[in-house]
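Engineer: Sharing a structure below in structure tokens format, with a few things to ask.
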Amino acid sequence: MQTECRPGRAGTGATRWPGFFHAVAVDFDGTLTESGYPDPGVLAALDETRVGGLRVVIVTGRILAELQAVFPDAGEHADLIVAENGAVLARGDLRRCLAAPVPVSLATALTRRGVACRHGEVLLACHGADEHVVLEEVRRLGLECQLTRNRAELMVLPAGVSKGTGLAAGLAELGISAHNAIAVGDAENDHSLLAAAELGVAVANAVSALKAGADIVLAEADGQGVASFLRGPVLAGRERVHPRRWRITLGTLADGTPASIPASQVNVLVTGVPQRGKSYMAGLISEQLIRLGYSVVIFDPEGDHAGLGRLRDVLVTGTGGNPPSAEDLARTVRHHSGGVVVDLSAVPAGQRARYLEAALR
């Protein structure tokens, strides 16, 4: 589903508790700023977002030192920086490389051939016009490296490293699920970034291919578009966008087409007369949510859903009438990213109601 998002009203800066979304990941060049230091109005929008309870992550292809040269106070406007196209994490004074550096032998070979390149902590930065020479040398040296374009720039990275993998590591550092995150970008190297979040957003000046795959396309370019989006209805919870990549299939309609509902940002009530398949439907929905990577807690009063324990990321607890305490359950959910089935079938009905009340609270 692709939606065009129009500018929102200016925020008030008032503190609010996060709703469905807990983090916003924003690319730097071409997204947060057209070039150089971001506009003060854009930085104000980032600060308002953080005051409102959300985490801000800057995800950039730049070498960290080069980002700090043009944006020295980046750490004051973001909770985390993912630099070098997903290869380096920076949080306060802490810095961590997520992959081994590209071999020095490649830089040496490129220099001999007259190709200018810059060393990061992990990547090698070159100009896009030299892509054919870089590829030749990567093949000649037998290196397991990948070439990634960012408009006119070219980055050489270890295989498997992308903005998407960097964002995943950054969100794990912050203790936030990718399903509670939004990503905003503009260029070729932002495809993985948008795919790694619940909602992928492209600014108006984004490359056509990124716009085509985005869940939301903004009506404004770079920083102005980002600022309007941060202050707009989606982040505030007044408007919901349901991407087609997060869907639950319930069955088939009479005309043979699939019957499905959104998996993202919804509450679902399953109701009906007895013995008509409500438990089956609830289990079907839960299983698909777990397979999509959502964290799901199932309170199972009749022992219908213990079979979900066959899934790799599902923990079944409470069997035999000994459910975990509400506090232990909360700790389990906090540290277990998949599904948790709490079997309450052997718990007396009166105690079951009290347990549910305490556990939900």
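Engineer: Could you list LYS163, LYS278 so that the one with the fewest beta carbons within 10 Å of its beta carbon is first and the one with the most is last? If you can, show how the numbers build up before the last one.
Structural biologist: Numbers: LYS163 31, LYS278 14.
Least to most surrounded, the residues fall as LYS278, LYS163.
Engineer: Moving on. Taking all pairs of different Cα atoms in the range 104-158, averaging 1/r and flipping that mean, what Kirkwood radius in angstroms comes out?
Structural biologist: Computed over Cα pairs of the range 104-158, the Kirkwood hydrodynamic radius comes out at 10.9 Å.
Engineer: For the range 268-360, calculate the relative contact order in percent as a whole number, restricting contacts to Cα pairs under 8 Å that are 6 or more residues apart. Before the final figure, lay out the partial values.
Structural biologist: Details: 118 pairs, mean separation 29.5, N = 93.
Computed over the range 268-360, the figure is 32 percent.
Engineer: Is it possible to state the helix-based mean residue ellipticity at 222 nm for the chain, with each DSSP H run of 4+ residues giving -39500 (n - 2.57), the sum divided by total residues, to the nearest 500 deg cm²/dmol? What is it? Each step should come with its number before you reach the end.
Structural biologist: Details: 13 runs with 115 residues, N = 361.
For the chain, the value works out to -9000 deg cm²/dmol.
Engineer: In debye, nearest 20: dipole of the range 104-158 around its Cα centre with unit charges on the Cβ of K, R (+) and D, E (-)?
Structural biologist: Values: 7 positive and 7 negative charges, 22 e Å.
Dipole about the Cα centre, nearest 20: 100 debye.
Engineer: On to the next question. Measure out, as a whole number of angstrom, how far apart the alpha-carbon centroids of the range 219-293 and the range 101-121 sit.
Structural biologist: Each part reduced to its Cα centre gives a spacing of 46 Å.
Engineer: So what's the chain giving for Rg/Rh, alpha carbon basis, Kirkwood Rh from the mean inverse pair distance? The partial results should precede the final answer.
Structural biologist: Details: Rg = 23.4 Å, Rh = 22.6 Å.
Ratio of gyration radius to Kirkwood radius: 1.04.
Engineer: Now a separate question. Measuring from label point to label point, each 7 Å out along Cα→Cβ, what is the SER325 to ILE261 span in nm?
Structural biologist: 3.5 nm
Engineer: Turning to a different aspect of this structure: Students often get this wrong: which residues of the range 60-80 have the backbone nitrogen under 19 Å from the point 7 angstrom along Cα-to-C-beta of LEU141?
Structural biologist: 63
Engineer: In the range 86-239, with Lys and Arg counted as +1 and Asp and Glu as -1 at Cβ, which of these residues, VAL102, SER208, LEU171, has the Cα nearest the positive end of the dipole, that is, farthest along it?
Structural biologist: Going by the charge dipole, the pick is VAL102.
Engineer: Semi-axes of the equivalent ellipsoid for the range 268-360, please: Cα gyration tensor eigenvalues, times 5, square-rooted, ordered largest first, whole Å. Numbers along the way, then the final one.
Structural biologist: Details: eigenvalues 73, 67, 26 Å².
Here the semi-axes work out to 19, 18, 11 Å.
Engineer: Here's something else I'd like to know. Suppose a student asked you for the relative contact order of the chain, using Cα pairs under 8 Å spaced at least 6 residues apart; what percent would you report?
Structural biologist: Numbers: 688 pairs, mean separation 55.9, N = 361.
Relative contact order of the chain: 15 percent.
Coordinate-derived values only; no laboratory data. Predicted, not measured: the structure shown is a model, and the values here were computed from it. Here the Cβ is made from the backbone with ideal geometry for all residues, glycine too, and neighbour counts use every protein chain on show.
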